[in-house]
Amino acid sequence: MKLIVARSRRNEIIAVSGMWYLKDRLKILKLVPDGFIIYPGEIVLAIEDVKLLELVKYIDSVEKFISLSTTLARLRKELGTDKRIFICLSTILNSLDDLARAAYCGGADGILNDLKDVEISVRDNTVQIIDVEKDDRQYVTVRLDELSKLSTEDVKNVHGIIIYLHSTPSISLLRYLRERCIILYGKSRIIIALPHIYLNYSILRKAREIIYGVALSSFGTVVKLDYIDYQGDIFMYRCSDCRRDLISRVSMRKCPRCGQRLIELLKEPSDRYFKYTARELKYVFTNMLKIVEKGVVVDYYGY
C-alpha cells in the first residue's frame, strides 16, 4: 500500500480536506477525516497500490483543496474563533462545490459574494453564500482608495465594511482605517480582503483587536502531498491530555505517556465522513482546533 503524507514549510498546522473527492477514485484503506487538523509530516491517508500517473493526477487536485483549507485554518488560528473568516466567491468559482467544502474544512464562516451579477444555487447546506447586499448581516465592500467616497447612506444599515487591500497592511494602517470608519460612518467592524501573498500572520495576530475579520481573495499551494510505499499496519492517534500525536504500527487505546484516552486520527473510511454539511465541517474543525491550540508533539511509537 501507499501512505500519503502532508508537508508544508510555511504552516505549522494542516487542515485536512478533499477526502470526499478521492472516495470513488482510489481504494482508501484509512484516512484522516475532512476538517481534522494534523501536523506537517503526518499521514493523511493510506491507499492500495495504484498507478503512479493516476495517483499524481488525483493528488494534484487534493493539494489545491487542502491548501485552501489550511490557509483559512491558519487565519482562524491566528485571529481566533470570534472573528469572521470568508473566502471570496471569485476565487473558487471555477470549482465551487469542492472548494467551498474545502473552505469549511478550514473553519470559514461563509462564501463572500464579490460577484454581484452571479447567481448561486445552494445545495444540501454545503455552500453558504454571504451576499453583501441581501444577507442578514449586510456588508458594504470598497477598495482602499475609494473609502472616502462612501456616503453615510451606503453604510446606514450594514453590519460592517469590507476593505480590499493590495499590499501587506501595517498595524498603523489598520488602526487608521478603523478609526476612519468610526469617525465617518460610526462603524467599528472592518474586514480586510487580501490575496494570500500578502498574508502576514504575525501582523494579523497583533491586529485581533483592530479588525473584525479577513476575506481571502486568492490562495496558492501551501501544502504538498508525498507518497511512501509501506507494508504492515499503521495507526495514528492524538492524546487529548498530554497533546501527543502517536504514529504506530500497533493498535493502542491509551496514551503510553500519560495513560489517558487516545483520539484516533487515521480511521477506516465511513460514508458519514464524506457527507458532512458546511455547518458540520466547521464544527469538526473548531473542535480539533481547540485540542491543538497549545501545540502537539509528534511521536513515533513502535514505528
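A few remarks follow.
- When +1 charges are put on Lys and Arg Cβ atoms and -1 charges on Asp and Glu Cβ atoms, the dipole computed for the chain relative to its Cα centre reaches about 1000 debye.
- Neighbours of Cys242, meaning other residues whose beta-carbon lies under 12 angstrom from its beta-carbon, give a summed charge of +4 when Lys and Arg score +1 and Asp and Glu score -1.
- On Cα atoms only, tilt of 171-185 relative to the major axis of the chain in degrees: 50
- Of the GluC sites (Glu not before Pro) in the range 19-95, those whose Cβ has at most 16 other Cβ within 10 Å and which sit in DSSP loop: Glu48
- On Cα atoms only, tilt of 278-292 relative to the major axis of the chain in degrees: 70
- Cβ crowding within 10 Å averaged over residues, with 221-230, 23-32 ranked highest first: 23-32, 221-230
- Between Pro269, Ala102, Phe36, the Cα set farthest toward the positive side of the dipole of the chain (charges on each charged residue's Cβ, about the Cα centre) is that of Phe36.
- This model, with +1 at the C-beta of Lys and Arg and -1 at the C-beta of Asp and Glu, gives the range 243-288 a dipole about its Cα centre of some 240 debye.
- The H on the amide N of Asp299, modeled in the peptide plane, is under 5 Å from the matching H of Asp245, Leu246, Ile247, each at least 5 residues off or on a different chain.
- Rounded to 5, percent antiparallel among DSSP beta bridges of the chain: 45
- Across the options Tyr227, Asn287, Tyr237, the greatest Cα extent toward the positive end of the charge dipole of the range 194-302 (unit charges at beta carbon of Lys, Arg, Asp, Glu) belongs to Asn287.
- Vicinal HN-Hα couplings computed from phi for the range 14-24 (Karplus, 6.51 cos²θ - 1.76 cosθ + 1.60; Hz; Gly/Pro x): 10, 9, 6, 7, x, 5, 4, 5, 8, 3, 9
- When each of Ser67, Ser251 is scored by the number of other beta-carbon atoms lying within 10 Å, the sequence from fewest to most is Ser251, Ser67.
- Taking each DSSP H run with n ≥ 4 as -39500 (n - 2.57) and averaging over every residue of the chain yields -8500 deg cm²/dmol at 222 nm.
- Most mobile of Leu266, Leu144, Leu75 in a GNM of the chain (Cα contacts under 10 Å): Leu144
- Helix axis angle, 52-79 relative to the chain longest principal axis, alpha carbon, degrees: 50
- Flagged links, alpha-carbon separation over 20 Å, of Lys64/Lys206; Lys23/Lys64; Lys30/Lys77: Lys64/Lys206; Lys30/Lys77
Values quoted throughout were computed directly from the atomic coordinates according to the rules given, and no laboratory measurement underlies them. Quantities reported herein were computed from a predicted structural model and do not represent experimental measurements. As a convention, Cβ positions derive from the backbone with ideal geometry for all residues, glycine included, and neighbour counts pool all protein chains shown.
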